[in-house]
1. So in the stretch 143-178, with the set limited to residues that are assigned to a strand (DSSP E or B) and among the aliphatic types (A, V, I, L, M), which one is most open to solvent (accessible area, probe 1.4 Å)?
2. When only residues in the stretch 283-321 that are part of a loop (DSSP other than H, G, I, E, B) and at positive phi count, which is nearest to the chain's Cα centre (by Cα)?
3. Can you pull out every residue in the stretch 301-330 that is modelled with pLDDT of 95 or more and in contact with an Asp or Glu (Cβ under 7 Å, 6 or more places away or on another chain)?
4. For residues in the stretch 117-142 being within 14 Å of VAL92 (Cβ to Cβ) and touching a strand residue (DSSP E or B) at 6+ places or on another chain (Cβ under 9 Å), which is most open to solvent (accessible area, probe 1.4 Å)?
5. For THR203, are the conditions met, namely being surrounded by 20 or more Cβ atoms within 10 Å (Cβ to Cβ), within 15 Å of LEU297 (Cβ to Cβ) and in contact (Cβ under 8 Å) with a residue 24 or more places away in the chain?
6. Name the single residue that is surrounded by the most Cβ atoms within 10 Å (Cβ to Cβ) among those in the stretch 261-275 being outside any helix (DSSP H, G or I) and touching a Lys or Arg at 6+ places or on another chain (Cβ under 7 Å).
7. What are the residue pairs meeting all of these: first residue in the stretch 28-46, first residue of a type in the set (Asp, Glu), second residue open to solvent by less than 40 Å² (accessible area, probe 1.4 Å), Cβ atoms under 8 Å, and 6 or more apart or on different chains?
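The values are calculated or read from the model by the stated rules, or taken from the named source; none is laboratory data. This one's a predicted model, so the numbers in the text were calculated from it and none came from an experiment. With ideal geometry, Cβ positions are generated from the backbone for all residues, glycine too; neighbour counts draw on all protein chains shown. The area values use the complete protein model at the heavy-atom level, side chains included, leaving out ligands, DNA and RNA. Shrake-Rupley method; radii C 1.70, N 1.55, O 1.52, S 1.80 Å.
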Amino acid sequence: MPKSNLQFISSHPEPYRIIISGGGTGGHIFPAVAIANELRRRQPEAEILFVGANGRMEMTRVPEAGYDIVGLDISGLQRRLTPQNLLFPLRVIRSVKRAGKIIEKFRPEAVVGVGGYASAPILLAAASRGIPALIQEQNSYAGLVNKLLSRRVNRICVAYDGMEKFFPKDKLVLTGNPVRTEIASGDRAEALKFFGLSPDKKTLLVIGGSLGARTLNEATAAALSRLKAAGVQLLWQTGKLYYPKAQEETTPFAADGIRALEFVQRMDLAYAAADVVVSRAGALSVSELCLTGKPSLLVPSPNVAEDHQTKNALALVRHQAALLIPDAEAPARLYDEALSLLADEPRQLKLSTNVRQLARPDATAAIVDELLTIMDRR
């Protein structure tokens, strides 16, 4: 594997010109933003353009992070025969042409793909023009777009060992996942004040990913009275679809510090407030838990390729760094286990200590080093 020389800084006089593409979920978007932030940290005048898919969450979240984005009319294949699937080849052709025009206008030195179908057209257009390209794969099971494009790019940054079963071995670099470093810098007192919580109670944070998680939402709704009776506060990220119902369900418990949130903008403060975290096991969530050192109960989503969230979770469980509850068992077991862990501070400390040892705080810097290498910006 190529080795990364951490945090070298280019003395090249011209600003970096980089396109970053991908999205669809927070698990793709936030790593992309972390990479952009590291580029800007090294060279504040760097010119960075995001390319996403029209109608997807990146078209909102990326501008909120302070970056320009343009959208492609591209969507993924459905698992059943639909009119959208019949139009898919035409949309790909149109998107690749549109991506080519974006590249010709912006003139990037390199392109970064972070996964999701929006990254395919821009990586194809870059490769056809000889522009250096890098893929960042977050999961233990590689995404379809990244697998298909792996032979067309210069470097592939991964977070797990054994990824040569998906990618050319000579292009692989084990970097870890890029995580916003500020995610671990929240102050507990500020966090409790921000969310209107008491410093005298335990706090449970429930996060089902940027789009929400039905199993976690339904189990949490059923447990609200139990949380109140146990004197436990709740920060519950529901996702957009479940949020109106969750608002109604939590209204009777507002005085008890039980909060439903559609989306948590200040995750640094949410983690700082939390004593225990209940989460899906997406790659970004797992990386954030390692960096913040939070004891957690992981409920892997069953609706992902090759059950890769279970593999992500087991990477922590094998080191006694998290607890795992299968999705099918969560309705019956999740809140028994959560309340038990909240009452067991020695067990919390053990999980916290172990999970911190798995963190890769230099992952974003390592990825940017690899990007600068393929750009020949040393």
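1. LEU174
2. Keep residues of the stretch 283-321 that are part of a loop (DSSP other than H, G, I, E, B), which gives 293-295, 299-304, 318-321.
Imposing the further condition that a residue be at positive phi reduces the set to 293, 320.
Numbers: GLY293: 17, GLN320: 22 Å.
Residue satisfying both the conditions and the ranking: GLY293.
3. Once the filter is applied, which keeps residues that are modelled with pLDDT of 95 or more and in contact with an Asp or Glu (Cβ under 7 Å, 6 or more places away or on another chain), the stretch 301-330 yields LEU323, ILE325.
4. Applying the filter and picking the extreme gives TYR117.
5. Working: surrounded by 20 or more Cβ atoms within 10 Å (Cβ to Cβ): yes; within 15 Å of LEU297 (Cβ to Cβ): yes; in contact (Cβ under 8 Å) with a residue 24 or more places away in the chain: yes.
When the stated conditions are applied, THR203 passes them.
6. Initial filter on the stretch 261-275 (outside any helix (DSSP H, G or I)): 261-266, 274-275.
Applying the additional criterion that residues be touching a Lys or Arg at 6+ places or on another chain (Cβ under 7 Å) yields 262, 274-275.
On the way: GLU262: 16, ALA274: 25, ASP275: 19.
Among them, the one singled out is ALA274.
7. Taking only residues 6 or more apart or on different chains, the pairs are GLU38/PRO178; GLU38/THR364; GLU38/ALA365; GLU38/ILE367; GLU38/VAL368; GLU45/PRO15.
Each row is one residue, and each column tells you yes or no for (1) under 19 Å from ASN217 (Cα atoms); (2) β-branched (Val, Ile, Thr).
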| residue | (1), (2) |
| --- | --- |
| LEU298 | yes, no |
| LEU314 | no, no |
| LEU323 | yes, no |
| ASP327 | yes, no |
| LEU351 | no, no |
| VAL355 | no, yes |
| PRO361 | no, no |
